[in-house]
Amino acid sequence: MNKRWRWIAITGIFAAAIFIFLLAFKPWEGHARVLTEDAVKRNLLAQYPGKINESLKKGSLYRMELETNHGIYEVELNAYDGEIVALHQLKAYTPQPTQPTAVPTATPKPTEAVTTSPTDTGATATPSPTAKPTASPNKPTPSPSVKPSSKPSNNGKLLGEKKAGKLAAAHVKGKVKDVDFKRSKNGSSYYLVEVDVKKRGDAVVQVNAISGAIMSVVWEDEDDDD
């Protein structure tokens, strides 16, 4: 009888140990896998066409330097789902206007004077050896030079708050909450637009107040408000 209870106790202890192990490690739940660097690069370039100059993995983030037609950006991406966590503009590119090339005008050839004998009406006309050109050749007239304009495409006018808000909301696909106008120490002006993005929280988008270019995107942690 005692032997039987002993086996029952041993079996119960063994079952309890297995139960505790399953609760602690939950092997039926798959662990999140870190995406490869190439997969994260493809995800980034699908959203922002360009080229990636540098890439570095640090903890749960990938940090990449992205170069596009608008400038160079530092981008932070989640290593598990490839989502963009933060985007900062490091350098902005300004498109250079093209100058028209001067087209030279054609120079006419000098004509020779023809003399005929007044007494010999049947003689053929022969060119005079001392004939001078009747028309002087025209010199090519150069086209006026065109100076590149240093003004932006919208003639230096500031964007309105509504326009900046629409650009920011379209960039992160959310709803505008607040728009603030700012001016940096070097004189450049920009807007900080707070956008509410569904299922991702709030994003602060920096918009150039003249060109409308997106300068940076910073995602705010929802837990910071608690």
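With a cut-off of 10 Å between beta carbons, the residues surrounding N53 carry a summed charge of -2, where Lys and Arg count +1 and Asp and Glu -1.
Between R63 and V197, the FRET efficiency from the beta-carbon distance, with R0 = 25 Å, is close to 0.70.
Charge tally for L192 (other residues, Cβ to Cβ under 10 Å; Lys, Arg +1; Asp, Glu -1): -2.
Fully extended, how many nm does the chain gain between A9 and D180 (0.36 nm per residue separation, minus their Cα-Cα distance)?
Net length gain for the segment: 54.5 nm.
In this structure, the residue pairs whose Cα-Cα separation is over 20 Å, taken from K58/K173; K173/K199; K91/K175; K173/K198, are K58/K173; K91/K175.
All of the numbers you see were taken from the coordinates with simple rules; none came from a lab. All values reported here derive from a predicted model rather than from experimental measurement. Neighbour counts are summed over all protein chains in view; Cβ atoms, including those assigned to glycine, are modelled from backbone coordinates with ideal geometry.
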